Amino acid sequence: MKKVLAFVLAAAMAFSMVACGGSGSGTATGTGTGDAAASSNITVQLGPNPETLDPALNSTIDGGNLILTTFEGLLIIDENNQVAPGQAESYEVSEDGLTWTFHLREGLKWSDGSDLDATDFEYTYKRVADPATAAPYSATVLGMVAGYEEAMNGDPDALQVKAVDPLTFQVTLSYPCTYFDKLAAFATLNPVQQETVEANGDAWATAPETYISNGPYYMTEWIVGQQIVLTKNPYYQGGWDSSKIVTDTITFLLMEDPTAAYTAFQTGQASLVRDVPTEEIPSLVRAEDGGEFHVEPIMATSYVSMNLNEEIFSDVNVRKALSLAIDRERLANTIMQGTYTPAYKLNAPGITDADGTTLFMDNASDEWIPTDYEVAKKMAQDALAEAGYPGGEGFPIISYTTNDAGYNKAVAEYLQSCYKEALGITMEVEIVEWSSFTPQRRAGDYLMARNGWVYDYNDPSNMLELFMSDNGNNDGKYANPEYDKLMEESQIKDVDLRFEKLHAAEELLMSEYAMIPLVYSNDFWLQSNDLQGVWHSPYGYWYLQYAYIGEPAADDSADSASVAAVDSTAADSASVDESAVSAAESAVSAAESASAAAESAVSAAESAVSAAESASAAAESAVSAAESAADAAASQADASTSASSAA
């Protein structure tokens, strides 16, 4: 009897749980961006613990991914890789190309609910130009602004940027910069809240409580070395379509170990992982074949930096030997399993020349790194001998520093064997954690080191500026006044002459073997087929603003266009045709039907809850009755026992 009663109770309780909307899953899912039940959380792995999340100080892709999800500049780069309005709804440029005026949206707010206006951009731009900030991108993003030199000499207020009024921000350039719109969309110039930064110093960007932002999401948790959680920002307004921002939280797993990241993906803990174990790649099914392994080109060049402050690298023939000894074809197609492309020049594919269509690399010289490896190897051996080290004799042991992610370790081991075989020299490999690697390289605490650059915008200067003597990202410490002069002479409005100077600068850089180009980069990652709304840009970022879990959403662009058409013609009813009216009436009817269906669903749910409560009450009555029956039976048994004893 007790077993039967227990079953009745369990059934009643289970029914009650179902009726109240309980689920065995911790994550709700939806079928599109318009579904109110869209995934409440998405988990991704895009890198380890970031070195910094201060927009002014970050220079890494993993940090950049978090920043572009939590902040927004005057402009943004949209899903079509085009510059689009961001915190500024519009802007105009003067005829001479020197004055850029941005008009901010009304009602902008920080993630703490306080007002954001043009004065926040003025503070931010001057902070980036302040030498006390030591922003590595300072010269790249503000070097063309009038007053920059004075700012870098200790007077940031000399920078010619100003809040004309709360909704108007103006920038005056010292020379025309046709791509300044792309710079206005770059993460370094995302606004930061002055009060918070000044009250907390560098620590402002290390804790959710002080990490005040203005983007679609804001930080609510940071467990160092484990995860960062971003939550949808209720105060956000800007360039992204808020109706498509449907996921409540995004969790970033902070993993450096590709095996751990792969396990997180395989077990369903993460829907997207950037760090894929290279040994797994041959077994993975490409996305174009219905699988979940994605490979896409990015505008990037991977290269080796040599610390040119070290005596051993002062001889150009040593640098030449170390560059030409590498079989780039084998490196890209064997060691890196065809996921990268051999690099014989510095500027990457996709970067265009003066005409905007021809590739910059197509007009660059082929003489510095021969594509025939046997020819290149012979030149390398001759160069090393000319430097005084025939067959590697007398050459000191050198070291190569890298972090252990992707193919980095495999590349290091290949270089180690290549230099021994082709040149007879010994190279030791030093593996360091990512959190230590970039600061160590920037400080010049290395001999040779893995390096690379993912372009921030389509212009060869973005790569070439790295090698100017005063650039904060000049990790190799290359310093050549002639090179600096060519780059400065490229800062002109005449497009053809500008690109002529840029080509001359690259030729000088390559002829001096100031760095060692290795491969042109691709990004490869695993992404669940259920993860929708995400896109990957040629600049190496994953955009998660519109991400959700579910089936691919139907293309609603036509619906959006219809709504826009109705809105835009409301003021001029004479131009509205009957089909538009009919479509609008159908939409209203559909909405009313959906509302009725929703009310029916609510009513059904209430009835189900009522039924569950009745079932529960009945079950309780049954238990009570059973207990009474059991008591009666026990009493009867006691009476019978007593009678038997008396007999």
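Only residues that are surrounded by 15 or more Cβ atoms within 10 Å (Cβ to Cβ), assigned to a loop (DSSP other than H, G, I, E, B) and not hydrophobic (A, V, I, L, M, F, W, C): list them for region 374-407, please. Correct list: Tyr389, Asn403, Asp404, Gly406, Tyr407. Residues in region 153-171 that are in contact with a Gly (Cβ under 9 Å, 6 or more places away or on another chain) and either open to solvent by 60 Å² or more (accessible area, probe 1.4 Å) or more than 16 Å from Asp120 (Cβ to Cβ) (or both): Asp155, Asp157, Ala158, Gln160. Summed over region 447-482, residues that are more than 24 Å from Lys182 (Cα to Cα) and among the hydrophobic types (A, V, I, L, M, F, W, C) total 4.
Figure legend. Inter-residue proximity from region 346-365: first residues free of Cβ contacts under 8 Å to residues at least 12 places away in the same chain and assigned to a loop (DSSP other than H, G, I, E, B), second residues of a type in the set (A, V, I, L, M) and surrounded by fewer than 16 Cβ atoms within 10 Å (Cβ to Cβ), beta-carbon distance below 6 Å, spacing 6+ or different chains. No pairs are indicated.
Filter region 227-256 down to the residues that are over 22 Å from Glu79 (Cα atoms) and over 18 Å from the mean Cα position of the chain (by Cα), then identify the one that is surrounded by the most Cβ atoms within 10 Å (Cβ to Cβ). Checked region 227-256; the qualifying residue surrounded by the most Cβ atoms within 10 Å (Cβ to Cβ) is Tyr235. Taking Met448, is it out of contact with any strand residue (DSSP E or B) (no Cβ under 7 Å at 6 or more places or on another chain), hydrophobic (A, V, I, L, M, F, W, C) and at pLDDT 95 or above? The answer is no for Met448.
Can you find a residue that is in a helix (DSSP H, G or I), crowded, with 23+ Cβ neighbours inside 10 Å and under 27 Å from the mean Cα position of the chain (by Cα) anywhere in region 106-115? No, region 106-115 contains no residue that is in a helix (DSSP H, G or I), crowded, with 23+ Cβ neighbours inside 10 Å and under 27 Å from the mean Cα position of the chain (by Cα). Here is the figure for region 331-345: residues that are assigned to a loop (DSSP other than H, G, I, E, B), surrounded by 17 or more Cβ atoms within 10 Å (Cβ to Cβ) and under 26 Å from the mean Cα position of the chain (by Cα) total 4.
Counting the residues of region 135-173 that are part of a loop (DSSP other than H, G, I, E, B) and more than 16 Å from Met468 (Cβ to Cβ) gives 9. Each residue in region 121-141 was checked for being open to solvent by less than 20 Å² (accessible area, probe 1.4 Å) and either in contact (Cβ under 8 Å) with a residue 40 or more places away in the chain or more than 26 Å from the chain's Cα centre (by Cα) (or both), and 10 of them qualify. Scanning region 274-295 for residues that are part of a strand (DSSP E or B) and among the hydrophobic types (A, V, I, L, M, F, W, C), we see that the one that is most open to solvent (accessible area, probe 1.4 Å) is Val295.
Considering region 346-373, and only residues there that are acidic (Asp, Glu) and closer than 19 Å to Leu502 by Cβ, the residue that is least open to solvent (accessible area, probe 1.4 Å) turns out to be Asp353. The set of residues from region 466-489 being closer than 27 Å to Pro538 by Cα and crowded, with 20+ Cβ neighbours inside 10 Å comprises Leu466, Phe467, Met468, Asn471, Asn474, Asp475, Gly476, Met487. Of Glu51, Glu79, all but one fail to be open to solvent by 10 Å² or more (accessible area, probe 1.4 Å), assigned to a loop (DSSP other than H, G, I, E, B), modelled with pLDDT under 95 and in contact with a Ser or Thr (Cβ under 7 Å, 6 or more places away or on another chain); the exception is Glu51.
Scanning region 396-424 for residues that are closer than 17 Å to Val318 by Cβ, touching a helix residue (DSSP H, G or I) at 6+ places or on another chain (Cβ under 8 Å) and touching a residue at least 60 places away in the same chain (Cβ under 8 Å) turns up Pro396, Ile398, Tyr400, Tyr419, Ala422, Leu423.
When Met427 is tested against (1) touching a helix residue (DSSP H, G or I) at 6+ places or on another chain (Cβ under 9 Å); (2) among the hydrophobic types (A, V, I, L, M, F, W, C); (3) open to solvent by 30 Å² or more (accessible area, probe 1.4 Å); (4) over 28 Å from Ile61 (Cα atoms), exactly one condition is not met: (3).
Within region 296-330, being open to solvent by 40 Å² or more (accessible area, probe 1.4 Å) and not hydroxyl-bearing (Ser, Thr, Tyr) holds for Glu296, Pro297, Asn309, Glu310, Glu311, Asp315, Val316, Lys320, Glu329, Arg330. For region 60-70, the criterion of being touching an Asp or Glu at 6+ places or on another chain (Cβ under 8 Å) and either touching a residue at least 60 places away in the same chain (Cβ under 8 Å) or under 25 Å from Val454 (Cα atoms) (or both) is met by at least one residue. Every listed requirement among (1) of a type in the set (Val, Ile, Thr); (2) in a loop (DSSP other than H, G, I, E, B); (3) crowded, with 22+ Cβ neighbours inside 10 Å is met by Thr188 save one, (2). The single residue among Tyr455, Tyr539 that is within 18 Å of the chain's Cα centre (by Cα), buried (at least 18 other Cβ atoms within 10 Å of the Cβ) and either over 30 Å from Ser40 (Cα atoms) or hydrophobic (A, V, I, L, M, F, W, C) (or both) turns out to be Tyr455.
The values are calculated or read from the model by the stated rules, or taken from the named source; none is laboratory data. All of these numbers come straight from a predicted model, not from anything done at the bench. Glycine gets a Cβ as well: all are built from the backbone with ideal geometry, and neighbour counts include every protein chain shown. Areas reflect the complete protein model, heavy atoms only, side chains present, ligands, DNA and RNA absent. Shrake-Rupley method; radii C 1.70, N 1.55, O 1.52, S 1.80 Å.
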